[in-house]
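What follows draws every value from the coordinates through simple rules; no lab data is involved. Please read these numbers as outputs of a predicted model, since none were measured by experiment. So basically every Cβ, Gly included, is an ideal-geometry build from the backbone, and we count neighbours across all protein chains shown.
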Ligand code: 13P
Ligand code: SF4
């Protein structure tokens with residue numbers, strides 16, 4: 001084990017010895033991809049430079065399918081921890097690495113397996129449906145998983161008289177509850193990025209662009225979803241913009257999505273929904289997603305660290321609700 005590997009294990013982060021300017025990261029990453037038979041899977045919220053290096057860019061559901069079917073030896077997950085962990089659960093014999101092991105998610109943090117197990121005791125007749133934005137331990141005590149692109153379909157697949165615990169996103173849960181009229185108890189978690197939008201600022205933008213369509217991710221708050229013309233996952237939002245006859249859109253989700261969206265519709269006007277407080281940009285950014293940098297992507301591929309590990313018993317149990325979801329989707 002060399003100095004870098006030792007430090008990563010001891011310190012929990014990658015010491016960056018190589019400085020910007022000395023190394024052509026893009027060229028090196030491409031080289032490492034071939035040398036190591038690696039696949040780079042990136043979420044739409046990643047930095048554009050990382051998205052452009054990826055073999056596949058997608059939403060949580062699309063990334064899960066790709067992780068499960070890949071023939072690559074090394075899965076490099078440019079996303080957040082729960083996504084890389086889901087990849088490992090789906091394809092446990094592969095090595096899965098994440099550029100920054102601390103790239104978490106406020107939703108996953110809002111629901112521990114211990115708390116969910118206690119909550120379940122209060123509702124013994126309910127089945128547990130969890131959003132994929134959770135830890136492997138939480139998935140291991142869930143009956144079904146959903147992503148934002150299939151939540152409606154998965155809930156519809158459950159018998160009508162079956163009550164449901166839905167965790168951890170109260171906004172996605174409330175939206176599905178409203179759409180389906182189902183008997184659902186909601187966990188009280190939220191995404192810090194999608195709860196940061198300012199309605200006042202958004203309406204001011206709309207006044208300036210009255211022909212724009214407001215579109216939103218279902219992790220957004222109910223008052224925003226109510227005025228949105230379309231609600232959907234990141235992949236759903238991109239598809240809507242592509243197929244809609246409209247030319248202007250106000251997009252209420254993490255701003256990284258605009259990179260792929262603009263590539264798909266170069267002539268359309270895309271306006272990021274404004275956040276309540278933001279001094280650097282008029283949008284909402286996920287600080288966790290942005291922890292992955294080009295430099296960290298390079299060191300992560302070079303040293304194959306930090307590696308995502310999941311306990312075998314947890315992996316086997318957590319696979320069941322994810323596989324049920326994939327089979328229904
Ligand atoms: P998608 O599944 O729509 O890509 O959403 C993932 C996510 O974390 C949204 O904040
Ligand atoms: Fe989690 Fe929200 Fe970031 Fe998505 S945008 S990874 S839900 S904190």
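What the table below lists for this structure:
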| item | result |
| --- | --- |
| Percentage relative contact order, the chain, counting C-alpha pairs under 8 Å, at least six apart | 23 |
| Three-way shape label, the chain, alpha-carbon gyration tensor, a/c 1.5 | oblate |
| Nitroxide proxy distance, nm - points 7 Å out along Cα→Cβ at residue 262 and residue 73 | 3.8 |
| Stretchable slack from residue 37 to residue 222, in nm (0.36 nm times residue separation minus alpha-carbon distance) | 62.2 nm |
| Gaussian network model of the chain, Cα within-10 Å springs - most flexible of 196, 27, 140 | 27 |
| Computed helical MRE - 222 nm, the chain, DSSP H runs ≥ 4 contributing -39500 (n - 2.57), nearest 500 | -12000 deg cm²/dmol |
| Spatial separation of Cα centroids for region 251-329 and region 105-154, in angstrom | 20 |
| Ordering of 157-165, 56-64 by burial proxy (mean other Cβ atoms within 10 Å per residue, highest first) | 56-64, 157-165 |
| Protection proxy ranking of 110-123, 312-325 - average other beta-carbon atoms within 10 Å, highest first | 312-325, 110-123 |
| Beta bridges per DSSP with both ends in the chain, % antiparallel, nearest 5 | 5 |
| Contour excess over end-to-end distance, with Cα ends at residue 328 and residue 56 and 0.36 nm allotted per residue | 95.7 nm |
| Top of 190, 72, 235 by mean-square fluctuation, Gaussian network on the chain, Cα under 10 Å | 72 |
